[in-house]
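Here is the structure we will look at.
Please treat every number below as a calculation from the coordinates, not as lab data. Everything numeric in this text was worked out from a predicted model, so none of it was measured. Counting neighbours? That spans all protein chains shown, and the Cβs are built from the backbone with ideal geometry, glycine included.
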2 protein chains.
Amino acid sequence: MRLLERLPRESGGEYALRTIKENIINLELPPGSQISENELAAEMGLSRTPVREALIELSKVKIVDVQPQKKSSIPLIDYDMVEESRFMRDLLECAVVELDCEMAGPADLERLDENVRLQSLYMDDFYSGRLMTLDDQFHELLFDIAKKSQIFALIRNISIHFDRVRTLALSSVKNTKIVQDHADIVDAIRRKDPKAARALMETHLDRYDIDAAALRTAYPQYFR
Amino acid sequence: MRLLERLPRESGGEYALRTIKENIINLELPPGSQISENELAAEMGLSRTPVREALIELSKVKIVDVQPQKKSSIPLIDYDMVEESRFMRDLLECAVVELDCEMAGPADLERLDENVRLQSLYMDDFYSGRLMTLDDQFHELLFDIAKKSQIFALIRNISIHFDRVRTLALSSVKNTKIVQDHADIVDAIRRKDPKAARALMETHLDRYDIDAAALRTAYPQYFR
DNA sequence: ATTATACAACTTGTATACTAGAATTCAATT
DNA sequence: AATTGAATTCTAGTATACAAGTTGTATAAT
């Protein structure tokens, strides 16, 4: 497992959650692999308690499978689950971007502009993951502006199902398209055009459409 | 705090979560009240560990406020939070009820009918909370039929914000209307009429926010 | 050889002891 | 009397010991 750096003032439980989540998404903890509270704890230099808290949270969205008194494991990819998470995300993102057209003030638009500017800067920085962080922050901003940040937190967890499929697919979406999408969305919000904003968001999210069948034949051992 | 009966094969953690959740919704743990892991544990005949697990989960949706090394409490009703949970629930419920029109088979319709029949029976059973349980189960059924049960689980947690407001409102929202709404929704699903189903669901869900201002003046000590 | 049983080696669930930090109280000092 | 400060007593965070249950293996009996 790939260890992350422990942030200042971060509790052991938070660190464990962040680390485990990251390793599930990047497939270091591969689908179907067995995990053990003891091993994870030892690897992260913690006791079982904070690790256990992290595993419980992840098991709530079925990204970790805890079988009491037996074992715990990382579930194989369940495409129904992937679809369910996508359904939820699409519905809420589109509704939120419509709300943003009413609710975004000048300061909010400035924050969005700043984010998109940075995205342009890091557009070619393929491996750094910096663009991915900015992408995530962009969507978080949209939820914040619409006063829906709590919902974003829930989406973030269930989206792990989708995120690890995206990792598997090595998501071939062109960075230029993503950044342009974001810029267009900000424009629509500035023009207070909810219909356009929703349409652009739909197009944007559709880019991540993944060929499930192809993945399933390429990595059959990861699927249920 | 009102203690529930421990179910067979229910772990201590599950029991603690179920009990605390129930007591927040029925306001036995009133908004603004301070809570303590030790007290709750003693009251339920458990140790801190399973109680702590329950509190952590509830704090993830901000229905419990944990201040590290200081104290924990039940937050006052934050109407922005109530609105956020309502927003999420409305959006998903309406989308799901449309899906149900395509996906519900005869057996599903029978299950819905049975639930509504029971609701009619318990319509005047004001204090038992039985009607509220049936109401919850009705909506769970709609998500199950649309193969979106994981999403329902997430909604259920964030909806606690909304549910405790509903507890306050039960005195003013007519049970007869609620049950009639449900019956109408089942009818629309049977007719495979997604537009009608969505419209009916919107009407149904709208009934609960009419009394927001009245509740705030009736129980000002519970609001932030 | 096969089946059954006992035991050993895991697992997660729970209880408890300990650590660290914040708030409060009460006494000492100014 | 007001203020400072140390001690007490809360809190939550963590580590660890133990309980309960499952699985697999080895051994013994048939």
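A few points about this structure:
- The ranking of A:Arg164, B:Arg89, A:Arg9, A:Arg191 by Cβ neighbour count inside 10 Å, starting from the fewest, reads A:Arg9, A:Arg191, B:Arg89, A:Arg164.
- For A:Ile77, distant residues with modelled amide H under 5 Å away: A:Phe223, A:Arg224
- Counted without the sites themselves, the longest stretch of chain B free of chymotrypsin sites (Phe, Trp or Tyr not before Pro) in a DSSP loop having at most 15 other beta carbon atoms within 10 Å is B:1-125.
- Counted charge near B:Lys192, where neighbours are those whose Cβ lies closer than 15 Å (Asp, Glu -1; Lys, Arg +1): -3
- Averaged over B:93-106, number of beta-carbon atoms from partner chains that fall within 10 Å: 1
- Spatial separation of Cα centroids for the stretch A:98-115 and the stretch A:1-46, in angstrom: 35
- With the label put 7 angstrom out from Cα along the Cα-to-Cβ vector, A:Asp144 ends up 4.1 nm from the copy partners, going from closest to farthest.
- Adding -39500 (n - 2.57) for every DSSP H run of four residues or longer, then dividing by how many residues chain A holds, sets the calculated 222 nm ellipticity at -21000 deg cm²/dmol.
- Across A:Ala197, A:Ala213, A:Ala95, mean-square fluctuation computed from a Gaussian network of chain A (C-alpha pairs under 10 Å connected) peaks at A:Ala213.
- Inter-site label distance for A:Lys177 and A:Glu140 at 7 Å from Cα along Cβ, in nm: 2.6
- Residues B:Met103 and A:Ala42, FRET efficiency given R0 of 41 Å [Cβ-Cβ distance, rounded to 0.05]: 0.30
- Our summary gives the stretch A:79-215 a relative contact order of 42 percent, counting only alpha carbon pairs under 8 angstrom and 6 or more residues apart.
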